[in-house]
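Scroll down for the structure; my scribbles are underneath it.
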């Protein structure tokens, strides 16, 4: 007979790597062309003037300059107005 119980399965034996999302360059800081400003999931923040958006919704600077945060009223798909955050390079 066995003197030890057999090993059972575990439900929490997994962990994912960190994704390092968030703001990388804050308002008023200088950004070079190509530098990442925000890494995000979905379009919480929209690109403005001088800012591009990658396929994973990462916002990056297209031109060198100072980062400026603002907000914009935008019509949603169900005709409601939403206030969206916008990042632009001045």
Need a quick list: strands (runs of 3 or more DSSP E) entirely within segment 34-81 having at least 2 residues that are modelled with pLDDT of 95 or more and farther than 29 Å from residue 18 by Cβ.
65-75
Subset of segment 78-88 [without any contact (Cβ under 8 Å) to a residue 24 or more places away in the chain and either surrounded by 10 or more Cβ atoms within 10 Å (Cβ to Cβ) or under 22 Å from the mean Cα position of the chain (by Cα) (or both)]
82, 83
Based on this model, can you work out whether residue 28 counts as loosely packed, with under 11 Cβ neighbours inside 10 Å, over 18 Å from the mean Cα position of the chain (by Cα) and modelled with pLDDT of 95 or more?
yes
Restricting segment 13-23 to residues that are at pLDDT 80 or above and part of a loop (DSSP other than H, G, I, E, B), the residue that is farthest from residue 60 (Cα to Cα)
14
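The values are calculated or read from the model by the stated rules, or taken from the named source; none is laboratory data. Every value quoted in this text rests on a predicted model; they were computed, and no experiment measured them. Reconstructed Cβ throughout: ideal geometry from the backbone, glycine too, with neighbour counts over all protein chains shown.
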